[in-house]
Amino acid sequence: MILGEYPQVAVVGTGYVGTVVAAGLAATGQPVVGLETDRYKLAYLRSGKVPFYEPQLQDLLATGLDLGRLSFTDDFVHAMARSDVVFLCVGTPEGNGGHPDTRAVEAAARAVCKAGHTGQVIVTKSTVPVGTGHLLASIMEEHGFPPAVVSNPEFLREGSAVDDFLHPNRIVLGSDNDVALRKVLEVYSPILRGDTSADASRRPPALVTTDLVTAETIKYASNAFLATKISFINEIASICEQLGADVSSVATAVGLDSRIGPDFLEAGIGWGGSCFGKDLTALVTLAAQHFYDAPLLRATIEVNRRQRSLPIDRLQRALHDVNGRRVAMLGLSFKPETDDIRDSPAVELAARLADLGAHVTAYDPMVKSLPGRHSVTIAPGPYDAADGAHAVVIATQWPEFLSLDLALLRERMLGNLLVDGRNMFDPQTVAEAGLVYESVGRSPSLNQHGNALRQPPAMPVATANNIDPLPAFKLAFDGLGA
Ligand code: UDX
C-alpha cells in the first residue's frame, strides 16, 4: 500500500480499544496517528511498548512504528492537520444512575473541532450510549462544521482483540451522512477485501451499513445477547444441580443446534469485564428512560449477580464458616489471556471472602497486584497460593491450571476442598487426587466421598408390560425374535 493512498487516520485514546485500532489500521497500510494525553502512556507507546497485555499487539505496534505508518502524539492540532477520519476510542465509564458518562467523548469531539477542522469525519468506536452520534453531530455544528459522524461499534474481545480487528466477522457502519460513511468505508477497504487474512479460506467480513442510532443499538444488543446467553446456561446449571443433570453435557448438546451454536455456553461464576455489566446497565437504564421495562435484561443481570455468590455458598457449606480460614484463589483477571481485572468476578470474590474474615491468597499468570486490596496476598505460583489453604477456588479458567498436579496441590493444602468456578476439571480426576470437588451444575453424583450428593428423583419403575416401546423399536425387537 502506498502511504497516503487512503484517508489519514487519527485515533483519539490509546487504551484497550484505541491501541488495537491504531496498530490494526496501520497494519492495513494506512498512515495512523494515535493521540494520547497521558505522557507516561505516550512515552511507552512511542518506545514501542504496549502498557497492558494483549496477545499479538506488541508486535503489531512495533511493526507499525518501524514502517513509519504509526505515530503517537499529544498535539491535537498536529494530528488533525493530517487526518481525514478520527476514531474516538476514549472511555465511556458507567455514570450516575447507570447511564454511561460521555464527557470524555464529548471533550474529544470538541478538541477535534477546535484543532482546526479540515472536513474530518468523527467515528465513535468505543461503546457510546445510543444517541451520542447525534450529540457529537450537534457539537460539530456548534463549531460551524457540517455534521459528519459515523458509528462503528467495536466487537473486540480482550485476549483476541487483534485477530477480532483484522478478521472481524462483520463491520458495522452507521451514519446519517453518506459521504462520511463512504470515507470510513475506504479506511476499512483492505479488511473488507480480506487483505489482512493470510488464510484465503477465511471469508471476508460482512458489511452492515445503517443509520447512526441503529448502529449504536447493534453494539448494545450484541453484548446484551452474549451476556444473556451466559446467564441462560448459568440458570440451567442451577436447575441441573437440583435435578441431578450435568450442565456441561446439556450445553454441548444444546450448542449442537445450528440455531444456538456452542459458544458462550460455559457455566461458571458469571461474566465480568469492562463491557457486559456496563452495557447491560446502560441499555436497561436507557429503556427505562423511554418508559420501557426490560425484564429479560434485568434477569440477565440478576442471574449473574447470584452466580458470583456461588463459590461463597459452597465454601460456607463445606467449611461451615470462612472466617479465619485460608482460601487460595486461582485466577484474578476477568477472563484468561488478559491482565484486565475490571469488574472481574474473581477479584470481587477475593474481596468478599476477605471481608468475611478469610485469609485470601491469590495467584494469576498475568495479574501481579491488586491495587487497594491489601487484604489479598498475591502468591508467585499456584502451589504457593495453596500452601496451608483449607480450600482452593478456581475463578478464572487460565489454560495453565489444567496442567496442575492435583495430588501435589492436595499435599500443599491443609484442607481438601476444590471449588472449580469454571468447570475446568473432570470430577473423577479430582476425586482421585483426594480432593473434595465442587463445580457449577455438574457431576452431582460425586461429592466429598464419591457417593451421590443428591439421589436423582425416583423414576417410575419400567416393567415389560407398562412401557409400550416405540413402534420402530418394537418391530426391531420382535424382528430379533427376542
Ligand atoms: C465482550 C464481547 O465478547 C465483545 O464482543 C465486546 O466487544 C466486548 O465485550 P470481553 O469483555 O473481552 O468481550 O470478554 P468475553 O470473551 O465476551 O467474556 C466476557 C465474560 O464472560 C468473561 O468474564 C468470561 O469469563 C465470561 N464467559 C464467557 C462465561 O462466563 N461463559 C462463557 O461461555 C463465555
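Remark: the stretch 1-118 is approximated by an ellipsoid whose semi-axes, taken from the C-alpha gyration tensor as √(5λ), come to 23, 18, 12 Å, largest first. Evaluated over the chain, the count of Lys pairs having alpha-carbon atoms less than 18 Å apart is 10 (only pairs 8 or more residues apart or interchain).
For the pair the stretch 208-284 and the stretch 102-171, the centres of their Cα atoms are 27 angstrom apart.
Other residues whose C-beta falls under 13 angstrom from the C-beta of Leu207 contribute a net charge of +3, scoring Lys and Arg +1 and Asp and Glu -1.
Distant-in-sequence amide contacts of Asp420, defined by a placed amide H-H separation under 5 Å and a gap of 5 or more residues or a different chain, comprise Ile394, Glu438, Ser439.
Between Asp293 and Ser369, the simple label model (points 7 Å from Cα in the Cβ direction) yields a spacing of 4.7 nm.
Accessible area of Lys114 (1.4 Å probe, protein heavy atoms only, ligands and nucleic acids ignored): about 140 Å².
Its alpha carbons considered, the stretch 339-386 gives a radius of gyration followed by a Dmax of 10.1, 26 Å.
Only one residue of Ala328, Cys89, Ala267 has its Cα farthest out toward the positive end of the dipole of the chain, where Lys and Arg carry +1 and Asp and Glu -1 on Cβ, and that residue is Ala328.
Its relative contact order, with pairs defined as Cα atoms under 8 Å and 6+ residues apart, puts the stretch 21-71 at 48 percent. Accessible surface computed residue by residue for the chain, with neighbouring protein chains in place and a 1.4 Å probe, gives 46 Å² per residue. A simple spin-label model places the labels of Gln428 and His78 6.5 nm from each other, with each point 7 Å out along Cα-to-Cβ.
Can you check what the net charge comes to around Asp321, using other residues whose Cβ is under 15 Å from the Cβ of Asp321 (Lys, Arg +1; Asp, Glu -1)? Walk me through the numbers on the way to the answer.
Details: positive: Arg314, Arg317, Arg325, Arg326, Arg352; negative: Asp313, Asp355.
With Lys, Arg at +1 and Asp, Glu at -1, the neighbours total +3.
In the chain the longest region clear of chymotrypsin sites (Phe, Trp or Tyr not before Pro) that are loop-assigned by DSSP and have at most 13 other C-beta atoms within 10 Å covers 1-290.
Legend: translational diffusion of the stretch 285-440 by Stokes-Einstein, Rh = Kirkwood radius over C-alpha pairs, 20 °C, 1.002 mPa s; D = 133 µm²/s. Is the stretch 27-69 rounded, prolate or oblate when judged by the Cα gyration tensor, a ≥ b ≥ c being the square roots of its eigenvalues, rounded requiring a/c under 1.5 and prolate requiring a/b larger than b/c? Cα axes put the stretch 27-69 in the oblate bin. With Rh defined as the Kirkwood radius, the inverse of the mean 1/r over Cα pairs, the Rg/Rh of the chain is 1.05.
So for the stretch 265-362, what are the equivalent ellipsoid semi-axes in whole Å, largest first, each being the square root of 5 times an eigenvalue of the Cα gyration tensor?
Working: eigenvalues 171, 49, 24 Å².
They are 29, 16, 11 Å, listed from largest to smallest.
Computed over neighbours whose Cβ is under 9 Å from that of Val20, the net charge equals -3, Lys and Arg +1, Asp and Glu -1. If you wrap the tightest convex hull around every Cα atom of the stretch 264-310 and split its volume per residue, you get 73 Å³.
Share of carbon and sulfur in the accessible area of the chain stands at 57%, probe radius 1.4 Å.
The values are calculated or read from the model by the stated rules, or taken from the named source; none is laboratory data. These figures come from a predicted structure and were not determined experimentally. Note that each Cβ is placed from the backbone with ideal geometry, even for glycine, and that neighbours are counted across all protein chains shown. Accessible surface areas use protein heavy atoms only, side chains included; no ligands, DNA or RNA. Shrake-Rupley method; radii C 1.70, N 1.55, O 1.52, S 1.80 Å.
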